[in-house]
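Report on one structure; see the data block that follows.
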Amino acid sequence: MKKLVLLAISVLAMVSCNEKAAKVDLASNTKVDSLNQIIAQKDNEINDMLSTFGEIEEGFRQISAAENRVAVAQQGEGADSKQRIRENIQFIQSTMKQNKELINKLKQQLRESSVKSDALRKLVESMSQQLEESEKQMISLREQLDEKDVHIMELDEKVANQNTAITNLTEESTQKTQVINTQDKQLHTAWFVFGTKNELKEQQILVDGKVLQSSFNKEYFTKIDIRVDKEIKLYSSSAKILTSHPSSAYTLQRDANKQYVLRITDPILFWSTSKYLVVLVK
């Protein structure tokens, strides 16, 4: 299992590197900032999936360790030995259920992710197969214990109740996490656009000298994460910020090509007055 996770990390790393390479190749393109956002999003998705991979790996490691403890306890006799067996079986069943939930979570992450990789999907399927094998081994182990009169009917009922409680807590936690994530994204999301006067007028962003006063085209803006995106290349030797932002929160300087670059030095302050940024260029 550890090899699978290491392979997953390698695949995810290659995906990330390829995206970053694309960023360099397209540096001269006027849409490079949008590509930067896509790359940042993919990096976040990759980190989330790596975290889930790690949790699944740890679950399998704990299952293997518990199985070894059961094997040792089977060689002993008496009530103490049977109790250790029951406790470890309970732990194995609970951990397998958690791993199944994590694998389902990973499948959902892959479905919703912008990272498309057949190798990752195959790794997830391999994990699912390993979990099925573990479940089959558990059935076989219980049959062996039944032959030795180590009955665990009461344990089954207890585990079922615990699994139901775990499921309820997991669903509640998932719902809360989704709400928090949504609120967090909204809190740290902003939009920017730069264009000529005619371009801004065409999108109803600039009307009769006033900015964002009418029903403007929001699709024309680029969405960004204010925690990540602190530099916006304007690709023009003339730039004027039309929206209201504290002057102490940014600098507007020319690069080596004499084109303006907006650097946001204090993101919280900069976006406190407006989550929309409009820059007039020529």
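Quick notes on this structure:
- Given their separation in residues at 0.36 nm each and the Cα-Cα distance between them, residue 240 and residue 118 gain 39.3 nm when the chain is fully extended.
- At an R0 of 51 angstrom, the distance between the Cβ atoms of residue 230 and residue 55 translates into a FRET efficiency of 0.95.
- Accessible area per residue in Å² at 1.4 Å probe, computed on region 56-145: 55
- Gain on full extension, evaluated as 0.36 nm per residue between residue 188 and residue 72 minus their Cα-Cα distance, stands at 36.4 nm.
- Average accessible area per residue (Å²) across region 196-282 - probe 1.4 Å, nucleic acids and ligands excluded: 60
- Amide proton proximity set for residue 207, modelled H, under 5 Å, gap of 5+: 212, 213
- Taking label points 7 Å from Cα along the Cα-to-Cβ direction, residue 139 and residue 256 give a separation of 6.6 nm.
- Spin-label pair residue 274/residue 204, simplified geometry with 7 Å Cα→Cβ offset, distance in nm: 1.7
The values are calculated or read from the model by the stated rules, or taken from the named source; none is laboratory data. What you are looking at is a predicted structure, and each value in this text was computed from that prediction instead of being measured. Note that each Cβ is placed from the backbone with ideal geometry, even for glycine, and that neighbours are counted across all protein chains shown. Protein only, heavy atoms only, side chains kept; ligands, DNA and RNA dropped before computing areas. Shrake-Rupley method; radii C 1.70, N 1.55, O 1.52, S 1.80 Å.
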